[in-house]
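J.: I'd like to ask some things about the structure below.
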Amino acid sequence: MPSGYKIDNQEGLYYFTFQLVEWVDVFTRQAIRDIFVNDLRYCQQNKDLVLCAWVLMSNHAHILAQSSVNDLTGFVRDFKKHISKAIVDYIQTERESRREWMLNIFSNAASKTNRNKDYQICTHENHAEQVYTDSFLKEKLEYIHNHPVRAGIVESPEHYLYSSAKNYAGEKGLVELEILTTKWKTY
C-alpha cells in the first residue's frame, strides 16, 4: 500500500530508500553488492542519473539523486527492475547457500501483487522525499554516511566501501558523484 511518498517533481533532488522484501539481507555477498554498484554506474551513463550520495547496507540502500532529463520515475522503475532480475539470476545460478529460502520469500512477495510475475525483490515503496532545504539535505547526507557507523560496521564513515562517504571526504569512492555544495565531515 502506498504511503504517500512519491515523486511529484521529476527534476527535483530526492532522497530514496530501496528496501528488500522482508528485509532479506541479500547484499551480504560481494557479487550482489557489485551488481548494485554496477547498476548505479550504468544508470549514470545510460539513464541520465545524477547521483549525489548513496549507501548500501545488507538489506536496503539510501540514495540522493535526480535525473538530468527529468525522468526520475523512469530511473527508479528501470533500476529496481534490472537489479531485481540480476539478483534472482545470481541466486539461481551461483552457489548460494540460502537459495531456496530467498527464492521462497521473493516468490511469496510476488504472489501478493500483480506487479511482479515470478519474484519481487524490492518493496514497491521507495520512500521518495524531495530535498527542499539545506538543513534537510545535511540531515540526509549525515544519515546516509553515518549509517554504517551506527550499524557498528566501521568506526568512521569513509572507511565503509559501499557508500559515498569517501567521495565527500575528498577520497575516491566506488562510484563517481555529483558532490553537493553542503560540506560533509566525520563527527
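J.: Enumerate the pairs (first residue in the stretch 164-187 and of a type in the set (S, T, N, Q) and at pLDDT below 90; second residue anywhere and buried (at least 16 other Cβ atoms within 10 Å of the Cβ) and assigned to a loop (DSSP other than H, G, I, E, B)) with beta-carbon separation below 9 Å, excluding pairs fewer than 6 apart on the same chain, so at least 6 apart or on different chains.
T.: Note: pairs meeting the criteria are T186/A169.
J.: Identify the single condition in (1) surrounded by fewer than 20 Cβ atoms within 10 Å (Cβ to Cβ); (2) in contact (Cβ under 8 Å) with a residue 40 or more places away in the chain; (3) part of a loop (DSSP other than H, G, I, E, B) that T113 does not satisfy, given that it satisfies every other one.
T.: The one condition T113 does not meet is (2).
J.: For the stretch 144-182, which positions are of a type in the set (G, A, S), in a loop (DSSP other than H, G, I, E, B) and within 17 Å of the chain's Cα centre (by Cα)?
T.: Hits for the stretch 144-182 are A151, S164, G173.
J.: May I pose another question? Which of the residues belonging to the stretch 28-50 are farther than 18 Å from V76 by Cα and touching a residue at least 40 places away in the same chain (Cβ under 8 Å)?
T.: If the condition is that a residue be farther than 18 Å from V76 by Cα and touching a residue at least 40 places away in the same chain (Cβ under 8 Å), then R29, A31, I32 are the ones that fit.
J.: Condition first: buried (at least 17 other Cβ atoms within 10 Å of the Cβ), in a helix (DSSP H, G or I), touching a residue at least 12 places away in the same chain (Cβ under 8 Å) and not polar (S, T, N, Q). Can you find one or more residues in the stretch 53-67 that meet it?
T.: No, the stretch 53-67 contains no residue that is buried (at least 17 other Cβ atoms within 10 Å of the Cβ), in a helix (DSSP H, G or I), touching a residue at least 12 places away in the same chain (Cβ under 8 Å) and not polar (S, T, N, Q).
J.: Within the stretch 23-37, can one find any residue that is over 26 Å from L180 (Cα atoms), surrounded by 15 or more Cβ atoms within 10 Å (Cβ to Cβ) and touching a strand residue (DSSP E or B) at 6+ places or on another chain (Cβ under 7 Å)?
T.: yes
The values are calculated or read from the model by the stated rules, or taken from the named source; none is laboratory data. The shown structure was predicted, so the numbers you read here are calculated from the model rather than taken from an experiment. All Cβ positions, glycine included, derive from the backbone under ideal geometry; neighbour counts span all protein chains shown.
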